[in-house]
């Protein structure tokens, strides 16, 4: 229902008269047009407007004149307010999951569809530039870590919602119900990112242990977003270093090792483990024996 059938040809393009579910006809050849199948398509299901935009940008087609006119009519009649917030968010997620989301978002802005996601959501040149930079960072990740997929649509969602202040994000999360968890996660990640950026800026020359402690609370998606959004070269370099060399570091010594060495259980044990791991990342200890001796000297 609305998801495109996979085209059977190796070029990944729909053939002449290729139907997409029950709502559209993609006609290849000279015109390369997306058309609805009947005049009430957007009245019956306004979410088809978002899918029409997706198919335009996915296949590098254009909407037919009548289809475009009927879509604009649906916008003028505010038909999208009939949709549940969850359905609107599902369409937004699908667009953010496309290979070319920037073009689709720019088209949504042009057709005044973004306002139905949030009335204060812009997508002008600054927002487009941020999204393009995020896609470059995602491409870097895919090339560097081909076996570790990330949620690209969540990274892009952070970029799309970047212009909205925190209080607007909270209202949006409340309005979306269950889907609002994703918006709430954007706000929470935004706060973690700000704290990390401030900590890196205040740290001066920063060691690996300190960098790990600052950035480990962030998810990979939050780190990728922060590297772009901060606009700070030191932050971007720190995130890159963390993601490439520090993220999977494991401690030489565990809590069980310290207990066996005579340390007392409790908060002080956890603090010692954290200090020891930082010393390990900073190169002050390189073996388990050195780590236990380092800890014992600071007992």
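The values are calculated or read from the model by the stated rules, or taken from the named source; none is laboratory data. The structure displayed is predicted, hence computed values, not measured ones. When we count neighbours, we look across all protein chains shown, and the Cβ atoms used for this are built from the backbone with ideal geometry, even at glycine.
Got a sec? Which of 53, 20, 102 is surrounded by 18 or more Cβ atoms within 10 Å (Cβ to Cβ), within 29 Å of the chain's Cα centre (by Cα) and at pLDDT below 90? Break it down into steps so the answer makes sense when it comes.
Values: 53 fails: at pLDDT below 90; 102 fails: at pLDDT below 90.
Being surrounded by 18 or more Cβ atoms within 10 Å (Cβ to Cβ), within 29 Å of the chain's Cα centre (by Cα) and at pLDDT below 90 holds for just one of 53, 20, 102, which is 20.
Out of all the residues in the stretch 256-299, which are assigned to a loop (DSSP other than H, G, I, E, B) and either surrounded by fewer than 13 Cβ atoms within 10 Å (Cβ to Cβ) or on the phi > 0 side of the Ramachandran plot (or both)?
Of everything in the stretch 256-299, those that are assigned to a loop (DSSP other than H, G, I, E, B) and either surrounded by fewer than 13 Cβ atoms within 10 Å (Cβ to Cβ) or on the phi > 0 side of the Ramachandran plot (or both) turn out to be 262, 264, 265, 266, 283, 286, 287, 298, 299.
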### Task
Please find, within the stretch 117-135, the residue that is nearest to residue 74 (Cα to Cα) out of those that are assigned to a helix (DSSP H, G or I) and in contact (Cβ under 8 Å) with a residue 40 or more places away in the chain.
130
### Query
When you scan the stretch 162-194, how many residues do you find that are under 23 Å from residue 124 (Cβ atoms), assigned to a helix (DSSP H, G or I) and touching a residue at least 40 places away in the same chain (Cβ under 8 Å)?
2
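Checking the conditions here, which among 175, 198, 181, 170 is out of contact with any strand residue (DSSP E or B) (no Cβ under 8 Å at 6 or more places or on another chain) and more than 30 Å from residue 87 (Cβ to Cβ)?
Answer to the selection: 198.
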### Query
Among (1) part of a helix (DSSP H, G or I); (2) at pLDDT below 95, which single condition is residue 197 missing?
(2)
